[in-house]
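Down below is the structure, laid out as structure tokens.
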Amino acid sequence: MPDVRPNEKLDRAVIFLGPPGAGKGTQAKELARKFSAPHLSTGDMLREHVAAGTSLGQRAQPIMVRGELVPDSIVLRMVADRIDRPDCSHGFVFDGFPRTVAQAQWLGELLKQHGFKPPLVVHFVIDSALILRRITGRRICRVGGEIYNLYERPPKVEGRCDKDGGELDQRPDDREEIVKTRLAAYEKQTAPLAAYYRRLGRLRDVDASKSVDEVAKRVVHIVREA
Ligand code: AP5
């Protein structure tokens, strides 16, 4: 990961847009860490609700397991509440949100109300052949959420996180048959967002098939140039 100057702030919303398994979460964690900004993953927020057994989690869980998108009535309230928190005042990194043009339009209005500049959208471009390998090989630390890959980024000790020794899990929606539905949902509902943001002049492409470090360098470059 390239160095970032001390006290450097994002000062806006940075949106990571791309198909399942493209590496959005991996890069969003790093960028957020470097810029001391919150990493807002709607997938992680929903999984936390599922794990805690909240009523929101109970509604979302069967939809997520099928690989479909959770309704806006659930997701938008969750995002609005999160942006209201004080740690978001200097910008944040969205990972997995927005996912439809309607969500993007709603977000545009919300950012205006909060006095933010227009968002910067980093578009993860990747060949579909690589996606399945990345998703089926993914394992996530139960404790700190660190992301590994059995093929590309294995832990030093099998089944254990390098950072905190936590047990590594596979997401229930990372099974091959569910991944097909997730990819279809992406193509139909989320991919049109690239054209939407490109028209607004907000989109920057990243070749997500490169190594984690190479993608990270390109992302920091894009953020600094914006
Ligand atoms: P969500 O959690 O957002 O999943 P996703 O978008 O499908 O993305 P993933 O988390 O699968 O992939 P990623 O791009 O973050 O890849 P990662 O960095 O982990 O959503 C889950 C579900 O929640 C949805 O299906 C939906 O039901 C619901 N949901 C969420 N948001 C919603 C919304 N806004 N509206 C409605 N519903 C919503 O990397 C993948 C693997 O590759 C890892 O193993 C990693 O180690 C490896 N890797 C990463 N980068 C590289 C690299 N450069 N080289 C080699 N390996 C790499």
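The values are calculated or read from the model by the stated rules, or taken from the named source; none is laboratory data. Source: prediction; values computed, not measured. Glycine gets a Cβ as well: all are built from the backbone with ideal geometry, and neighbour counts include every protein chain shown.
Odds and ends about this structure:
- Checked against the criterion of being touching a helix residue (DSSP H, G or I) at 6+ places or on another chain (Cβ under 6 Å) and either surrounded by fewer than 20 Cβ atoms within 10 Å (Cβ to Cβ) or not charged (D, E, K, R) (or both), the candidates ALA60, ALA37, ALA80 yield just one match: ALA60.
- Residue list for the stretch 130-186, restricted to those being surrounded by fewer than 16 Cβ atoms within 10 Å (Cβ to Cβ) and hydroxyl-bearing (Ser, Thr, Tyr): TYR151, THR181
- ALA216 within 8 Å of the ligand (Cβ to nearest atom), touching a residue at least 24 places away in the same chain (Cβ under 8 Å) and either part of a helix (DSSP H, G or I) or at positive phi (or both): no
- Screening ASP207 against (1) within 14 Å of the ligand (Cβ to nearest atom); (2) more than 25 Å from ILE222 (Cα to Cα); (3) surrounded by fewer than 15 Cβ atoms within 10 Å (Cβ to Cβ) leaves a single unmet condition, (2).
- In the set ARG134, ARG160, ARG153, ARG139, only one residue is among the charged types (D, E, K, R) and farther than 26 Å from VAL220 by Cα; that residue is ARG160.
- Scanning the stretch 141-179 for residues that are touching a helix residue (DSSP H, G or I) at 6+ places or on another chain (Cβ under 9 Å) and either closer than 19 Å to SER211 by Cα or assigned to a helix (DSSP H, G or I) (or both) yields a total of 13.
- Filtered residues of the stretch 51-106 (kept if of a type in the set (S, T, N, Q) and closer than 28 Å to PHE35 by Cβ): SER89, THR100, GLN103, GLN105
- Verdict on ARG99 being charged (D, E, K, R), under 19 Å from TYR186 (Cβ atoms) and under 18 Å from the mean Cα position of the chain (by Cα): yes
- Selection count where residues are touching an Asp or Glu at 6+ places or on another chain (Cβ under 9 Å) and part of a loop (DSSP other than H, G, I, E, B), scope the stretch 180-207: 0
- Hey, LEU111 closer than 19 Å to ARG12 by Cα, touching a Pro at 6+ places or on another chain (Cβ under 8 Å), more than 9 Å from the ligand (Cβ to nearest atom) and in contact (Cβ under 8 Å) with a residue 60 or more places away in the chain or not: yes
- On the stretch given as the stretch 62-73, residues that are free of Cβ contacts under 8 Å to residues at least 40 places away in the same chain and within 8 Å of the ligand (Cβ to nearest atom) total 4.
- None of VAL122, VAL79, VAL93 is in contact with a His (Cβ under 6 Å, 6 or more places away or on another chain) and within 12 Å of the ligand (Cβ to nearest atom) except VAL93.
- Criterion (within 21 Å of TYR186 (Cβ to Cβ), at pLDDT 95 or above and away from the ligand (no atom under 11 Å from the Cβ)) met by exactly one of GLN58, GLN27, GLN105: GLN105
- Considering residues of the stretch 41-55 that are more than 10 Å from the ligand (Cβ to nearest atom) and aliphatic (A, V, I, L, M) only, the residue farthest from the chain's Cα centre (by Cα): ALA52
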